[in-house]
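Here's the structure, in structure tokens; my notes come after.
The values are calculated or read from the model by the stated rules, or taken from the named source; none is laboratory data. None of these values were measured; they are calculated from a predicted model. Because the Cβ atoms are built from the backbone with ideal geometry, glycine has one as well, and the counts that use them run over all protein chains shown. Each accessible area value is taken on the protein alone, full model and side chains, heavy atoms only, with ligands, DNA and RNA left out. Shrake-Rupley method; radii C 1.70, N 1.55, O 1.52, S 1.80 Å.
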Amino acid sequence: MIMKLTAVVLLAAGVLSSQERFDLKVRNYFFAGFAGDTASLEKGMKICEDILAAEPKHPEALVWHGSGLFFQSGQAFQKADQQTGAELWQRGLKEMDLAVELAPDNIGVRIPRGAVLLTASRYVPSAEMARPLIEKGLTDFEKAYDVQASYLADLGTHPRGELMIGLADGYSRAGHLDKAQVWFERIQKEMKGTPYEKSASIWLETKSLAPAQAGCLGCHTGATAGK
């Protein structure tokens with residue numbers, strides 16, 4: 001799950017529109033940190049912590065800092081430090097949840113949390129643990145769609161495709177196959193000639209997707225994501 005989180009935050013940046021965004025201040029530090037650069041992660045976390053020291057309820061700083069804690073929980077679990085891993089996991093979830101509570105209509109909050117939770121749900125030990133992560137992540141992507149629906153067609157291929165396939169695959173893994181069918185058919189129709197169309201065709205034939213087929217298709221580099 002640790003390595004996958006790099007792609008997750010790239011997905012998060014890709015789904016966000018090109019408006020002035022808080023994530024532009026910190027994302028490259030987090031990208032590098034999730035790729036193994038501890039010093040960069042510390043810089044990104046420190047930026048968020050400094051903001052939170054002055055403004056404890058800054059939603060975007062909370063959601064990014066929470067994603068960093070979530071990443072660190074994975075590192076602890078890899079080292080078999082279950083207690084630290086569990087503590088960081090819960091702290092990360094709490095911060096991301098508080099961010100959404102504070103700014104429920106802010107896609108700069110919703111997409112990072114949703115992307116992290118939907119991906120993390122693939123790597124937990126049981127379906128019982130995965131389901132609440134999927135359902136919560138879906139609420140974030142649903143809100144992001146509602147906010148952007150009027151101009152979704154104007155977004156680039158990557159942000160539009162990532163949002164649509166995130167919803168489609170999330171519904172599929174949550175067992176909402178009728179909703180998944182609608183979204184995959186829409187992807188197949190609206191995203192012709194893209195990797196998203198290919199993934200949609202696979203799902204419509206098999207009713208499942210491998211993780212590599214379900215998101216971050218044609219991702220940008222950390223320097224260009226979301227532009």
> How many residues, within segment 58-98, are under 18 Å from ASP140 (Cβ atoms) and open to solvent by 50 Å² or more (accessible area, probe 1.4 Å)?
Replying inline: 2
>> Pairs please, first residue from segment 22-36 and over 14 Å from VAL116 (Cβ atoms) and open to solvent by 10 Å² or more (accessible area, probe 1.4 Å), second anywhere and in a loop (DSSP other than H, G, I, E, B) and modelled with pLDDT under 85, Cβ atoms under 9 Å, 6+ apart in sequence or on different chains.
In response: LEU24/GLY226; ASN28/GLY222; ASN28/ALA223; ALA32/GLY222; ALA35/GLY222
> Among (1) assigned to a helix (DSSP H, G or I); (2) within 18 Å of ALA103 (Cα to Cα); (3) modelled with pLDDT of 85 or more; (4) out of contact with any Cys (no Cβ under 9 Å at 6 or more places or on another chain), where does PHE71 come up short?
Replying inline: (2)
>> When you check SER121 against the structure, is it among the hydroxyl-bearing types (Ser, Thr, Tyr), open to solvent by less than 10 Å² (accessible area, probe 1.4 Å) and touching a residue at least 60 places away in the same chain (Cβ under 8 Å), yes or no?
In response: no
>> Of everything in segment 157-211, what is farther than 19 Å from ARG122 by Cα, in contact with a helix residue (DSSP H, G or I) (Cβ under 7 Å, 6 or more places away or on another chain) and not in a helix (DSSP H, G or I)? Give them in sequence order.
In response: MET191, THR194
> Considering only residues of segment 99-118 that are touching a Pro at 6+ places or on another chain (Cβ under 7 Å) and modelled with pLDDT under 95, which is most open to solvent (accessible area, probe 1.4 Å)?
Replying inline: ASN106
> Hey, any hits in segment 162-174 for a residue that's farther than 23 Å from GLU190 by Cα and open to solvent by less than 10 Å² (accessible area, probe 1.4 Å)?
Replying inline: yes
> Which residues, counting only those in segment 185-210, are crowded, with 22+ Cβ neighbours inside 10 Å and farther than 20 Å from ILE111 by Cα?
Replying inline: SER199, ALA200, TRP203
>> I need the helices (runs of 4 or more DSSP H) fully contained in segment 1-63, keeping only those with at least 3 residues that are among the aromatic types (Phe, Trp, Tyr) and either in contact with a Phe, Trp or Tyr (Cβ under 7 Å, 6 or more places away or on another chain) or modelled with pLDDT of 80 or more (or both).
In response: 23-34
